[in-house]
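Have a look at the structure below, then the notes.
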Amino acid sequence: MTVTRLWSRPVLAIVAFVGLGLPTAIACGGGGGGGLNAHEAALLTDFLILAIKPEGDDKDYKLVEVGNAKVDAGLLGVVINTLPLDFLGLGSDERAYDETAEVAQCRAACSRNSQCRDFTYVRPNASRPVGVCHLRTLAAPASFGVMSPVGDAGERSERPVREAPPIATTPRTNGDKIVFDDGETAGSVRYGDNEIRTTPLTLKFLAPVSQVKVRIRAGEDASTRSWAQLEAFDAKGNLVERTGTWISAGEFTFGHGIAVSSGGADRIATVKLEGRDGTVLRLDGIEYLRTLIAAAPQPAPVAAPERVPLPPRVPAVVAEHFPMPPRATPTAPPTPITLPPVEIAAPPIETLPVLEAAASPLPQPAATTPTPAVTPPTIAPLPRKRQLPAWLAAGAVLFVFGGAGVYWRSHRKRTLNRLTTRLVSNGLDRRTVGVGASSAPDIGLRFVVRSAATIGAPGTHIEFVPAGAYA
Amino acid sequence: MIAQTASLVQFFDFDNAAVRKDGLTALGGTTAMRGVQALLTAAPLLLQNHATQSATEALQAALNVRVVDILAAAWNTRRELRQYLDRSKYPSDQIIDHTLAKHDVRSSHHPRLQIMLDQSPIGPEIEFEVIVGLTLESAILRIQNARIMNARTGRVFGVGTIKCEGAILFSRPTKAVTLPLTISFGTGIPIGEAIATGTPLRSNAA
């Protein structure tokens, strides 16, 4: 063993104790190492050994839990790459790349970070030889760093598990359909390179579940980001929830989770996963949960049922003598307020249910005589909202236009009054008037009125005197 | 309109909008009106368009001259009527019907207008020339006490023009003039005195 070449036996014993005891404590602890199984716990031990500063190494690298401080992933990656693995006897060629172990490390780091809600593991590539674990909060990635170990027992603080430990299941696959026939409270399945599952996919749960989470990533041939849509249906084919997210292409992101939930009861029977516009997405894993609460019968239409307001609470005695009219639904025709009188007959005493004294503060009815009929009072309809009379509106319009017309006319008149024309002279003072010669000489006919002529007057005498003649 | 009170407005058919519109157009082309329009460029457009119409309306006032007054004034210039001024030969109790054969009457006067803006004159005075020609087939003037008391006329034909700066604004073709059978002059027109103004008339009678 290469370890014995460099470590003395006491040191080796201490390291072995820490390496064996720590994962055991993690596996058995109540906080759980983020739900790690025994295999993953063993892998943690292996990584922990690699992270310990070997004796004689002048380089000092600090183990920092991801999420508490910013970590320069590139620098830390370089540091880790300079670990004397050969010196530790764990050469890079002896230690094969184990994605499962690194995913476990990432999950453990997320579980120990109180702000972490989800994580994404980025595989190493030619430009970055180490894997990168992205811890994400609700809004944005909480931190960025290289895979970090769990940390020492004295420094680490136990944190509660935020999600139920999924149980690995083996669903039946049939083409693009995956069928889960178990009835466990939780389950999960993961797909690696040996079993590639691509969209479109249909997940069938013979026993409905309450929550389903799928982890997907972009296909290898994807060039741009893609929209992944996840739809959940109940046993009758009614849509329970629809959600989606953008999947970035160009990098192999693991564990990009999308979740749908039925809100408590186990209603999700079918889940459809597909990429928009036929984009191919790769499924990495499926997780589901059951609350074992039977779903209440749901109405047939997919649309949300109309909400009917609850009737007001009235005491039983009041409701018995003064029954309320039925409440109308928003789409139902209005129920007439005035109801015919309803005769209420009190049931015989022996048929009344036996009520406990603590639960029934109201006294039992002593008489068995039927109660008189109660006629609900009639309610007068609300007065109609007063509107502007048509004649008033027309009159207002005419008044406005008439006023405008009057103003325009007065304005025009005032403007025109500014311009006047004064008759300086009618020209009659210098008038030229004349009479031309007659075509014949004038004739003057002279006659004398001796007396005033009256009607019937016998003395009227008219003499005609030629011009120039003396009468 | 009573025939006796008919004036040159009716003579030139000045009440006709179409006739007046033609006259407005002709008046707008005169130099005087163009000068007034140039001075009104700063005024509202309403006033610019109303200047010519205002002048025409004022001209209508200048044409308020009765046709019978033109006849009386013309007859009063007739020399043959002056003999009736001799009271010894023609005492006041004698009435003479002086008959005139077919004759012509000519009248010409020059009214002047001034366009005012905000009580201030703008532009020069605009002078018009009103020419009226009447042709009477006959007329009988009743003279008493050296006054023309009334007149009776036969058919009358009239022609006339209104000019401004030599341009004819309004023109009346020769057509009959409606006059009453007897034109009364009230208390009589003194022979030899000017009508209305009191100044002697210049006579063009032969």
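The values are calculated or read from the model by the stated rules, or taken from the named source; none is laboratory data. These numbers come from a predicted model, not from an experiment. Using ideal geometry, Cβ is built from the backbone for each residue, glycine included, and neighbour counts are taken over all protein chains shown. Surface areas here come from the heavy atoms of the whole protein model, side chains and all, with no ligands, DNA or RNA. Shrake-Rupley method; radii C 1.70, N 1.55, O 1.52, S 1.80 Å.
Specify the residue that is least open to solvent (accessible area, probe 1.4 Å); the eligible residues are those in the range B:107-125 that are small (Gly, Ala, Ser) and in contact (Cβ under 8 Å) with a residue 12 or more places away in the chain. Outline the logic, then answer.
Residues of the range B:107-125 small (Gly, Ala, Ser): B:107-108, B:120, B:123.
When the remaining residues are screened for being in contact (Cβ under 8 Å) with a residue 12 or more places away in the chain, the result is B:107-108, B:123.
Numbers: B:SER107: 5, B:SER108: 25, B:GLY123: 30 Å².
Taking the candidates together, the pick is B:SER107.
Here are some conditions: (1) out of contact with any strand residue (DSSP E or B) (no Cβ under 7 Å at 6 or more places or on another chain); (2) modelled with pLDDT of 90 or more. B:ALA101 meets all but one. Which one does it not meet?
(2)
Would you be able to tell me the number of residues in the range B:55-64 that are open to solvent by less than 10 Å² (accessible area, probe 1.4 Å) and farther than 21 Å from B:THR25 by Cβ?
0
Report the residue count in the range A:407-441 for those that are crowded, with 16+ Cβ neighbours inside 10 Å and more than 7 Å from chain B (Cβ to nearest Cβ).
Qualifying residue count for the region: 0.
Of everything in the range A:203-225 that's open to solvent by less than 30 Å² (accessible area, probe 1.4 Å) and β-branched (Val, Ile, Thr), which residue is farthest from A:GLY275 (Cα to Cα)?
A:VAL209
Can you tell me how many residues within the range B:1-54 are free of Cβ contacts under 8 Å to residues at least 12 places away in the same chain, aliphatic (A, V, I, L, M) and surrounded by 17 or more Cβ atoms within 10 Å (Cβ to Cβ)?
Residues meeting the conditions: 0.
Consider B:HIS109 carefully, then state whether it is facing chain A (nearest Cβ under 7 Å), at negative phi, at pLDDT 85 or above and under 12 Å from the mean Cα position of the chain (by Cα). Step through it out loud before you land on a result.
Numbers: facing chain A (nearest Cβ under 7 Å): yes; at negative phi: yes; at pLDDT 85 or above: yes; under 12 Å from the mean Cα position of the chain (by Cα): yes.
Taking the combined requirement at face value, the residue satisfies it.
So which residues in the range A:262-292 are charged (D, E, K, R) and under 22 Å from A:ALA249 (Cβ atoms)? Steps first, answer last, please.
Start the filter on the range A:262-292 by keeping residues that are charged (D, E, K, R), which leaves A:266-267, A:272, A:274, A:276-277, A:282, A:284, A:287, A:290.
If the condition is that a residue be charged (D, E, K, R) and under 22 Å from A:ALA249 (Cβ atoms), then A:LYS272, A:GLU274, A:ARG276, A:ASP277, A:ARG282, A:ASP284 are the ones that fit.
Would you mind telling me which numbered condition in (1) open to solvent by 60 Å² or more (accessible area, probe 1.4 Å); (2) more than 8 Å from chain A (Cβ to nearest Cβ); (3) within 21 Å of B:PHE11 (Cβ to Cβ); (4) of a type outside the set (Gly, Ala, Ser) B:LEU136 fails?
The single condition B:LEU136 does not satisfy is (1).
Quick check, is B:GLU165 surrounded by fewer than 19 Cβ atoms within 10 Å (Cβ to Cβ), within 9 Å of chain A (Cβ to nearest Cβ) and touching an Asp or Glu at 6+ places or on another chain (Cβ under 9 Å)?
Working: surrounded by fewer than 19 Cβ atoms within 10 Å (Cβ to Cβ): yes; within 9 Å of chain A (Cβ to nearest Cβ): no; touching an Asp or Glu at 6+ places or on another chain (Cβ under 9 Å): yes.
Against the criterion (surrounded by fewer than 19 Cβ atoms within 10 Å (Cβ to Cβ), within 9 Å of chain A (Cβ to nearest Cβ) and touching an Asp or Glu at 6+ places or on another chain (Cβ under 9 Å)), B:GLU165 does not qualify.
Show the residue pairs that are 6+ apart or on different chains and have beta-carbon atoms under 9 Å apart, the first residue being within the range B:88-99 and over 11 Å from B:ALA151 (Cα atoms), the second being of a type in the set (Gly, Ala, Ser).
Sorted first by the residue in the range B:88-99, then by its partner, the pairs are B:TYR90/B:ALA146; B:SER92/B:ALA146; B:GLN94/A:ALA471; B:ILE96/A:GLY444; B:ILE96/A:ALA467.
Any chance you could count how many residues in the range B:70-100 are within 7 Å of chain A (Cβ to nearest Cβ), of a type outside the set (Asp, Glu) and over 24 Å from B:ALA6 (Cβ atoms)?
Just the residues of the range B:70-100 that are within 7 Å of chain A (Cβ to nearest Cβ), to begin with: B:70, B:73-75, B:77-78, B:80, B:93-100.
Those still in the list that are of a type outside the set (Asp, Glu) too: B:70, B:73-75, B:77-78, B:94-96, B:98-100.
Filter once more, so that each one left must be over 24 Å from B:ALA6 (Cβ atoms): B:94-96.
Residues meeting the conditions: 3.
Among the numbered criteria (1) touching a Lys or Arg at 6+ places or on another chain (Cβ under 7 Å); (2) within 11 Å of chain A (Cβ to nearest Cβ); (3) of a type in the set (Val, Ile, Thr), which one does B:VAL159 miss?
If we test B:VAL159 against (1) touching a Lys or Arg at 6+ places or on another chain (Cβ under 7 Å); (2) within 11 Å of chain A (Cβ to nearest Cβ); (3) of a type in the set (Val, Ile, Thr), just (2) comes out false.
Taking the range B:65-86 as the region of interest, how many residues are among the hydrophobic types (A, V, I, L, M, F, W, C), buried (at least 20 other Cβ atoms within 10 Å of the Cβ) and over 12 Å from the mean Cα position of the chain (by Cα)?
Residues in the range B:65-86 being among the hydrophobic types (A, V, I, L, M, F, W, C), buried (at least 20 other Cβ atoms within 10 Å of the Cβ) and over 12 Å from the mean Cα position of the chain (by Cα): 2 in total.
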